[in-house]
Each structure stands twice: as structure tokens, then as C-alpha cells.
Amino acid sequence: MPSNALHNPGLRIYAIEPNLRAAIPEVIGDCGIVVEENNPSALAKAISDLAADPQRRMDLGKRGQQRFEEHFSCQAYTVQLSDALGISS
């Protein structure tokens, strides 16, 4: 299952992502739900839980958008790269 972890938060779309032994939990943080890989029951439960809870969907979307802007936007990357290279911005 491909990951859209970096694409959804900027659009205020909550994310449900499989834990593919990569950095997905670190990328998602508290902005989505990480389910175990190859566990359709966990995925179905995550989808069902979010479908039944509009406030949680809204909260995850808002947190995701904020996390995206702070850590993964072009502006954030520019600051991170400038800092890493010792360039004042």
C-alpha cells in the first residue's frame, strides 16, 4: 500500500498509514493513525472509527496541516537546509 503521509496533511485530510518499518510513525506524529502492515482488520477498524467520529477527523486534519507546514513545507525545508549548511536566512 503506497504511503501518502506527506501529501494528505497539507490538504487537511487525515491519514491512515501502514507501519512499513520505515519512518511513517515519526512523519505522522499525532496527526493520523498508524496500523500494522498486512492487518486488514486494524485498517478496517481505523477507517470505521474515523468514519464514526467527525470531530476526530477534523482535529487530525488540523494537526496534520500544522505539522506539514512546520516540518515538510518548502519554507520549512529551506530553513532546515540553511541551518544544516550554516547559511543565515
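No value in this document is a laboratory result; all are computed from the given coordinates. All figures in this text were calculated on a predicted structure; none of them were measured in a lab. Here the Cβ positions follow ideal geometry from the backbone for every residue, glycine too, while neighbour counts run over all protein chains shown.
Go through 55-61, 80-86 and give me the packing order, highest mean Cβ count within 10 Å leading.
55-61, 80-86
With θ taken as phi - 60° and the coefficients 6.51, -1.76 and 1.60, list the Karplus ³J(HN,Hα) couplings across region 60-77 in order, rounded to whole Hz; mark glycine and proline as x.
In residue order, the calculated couplings are 4, x, 5, 5, x, 5, 5, 4, 4, 5, 6, 10, 10, 6, 4, 5, 5, 5 Hz.
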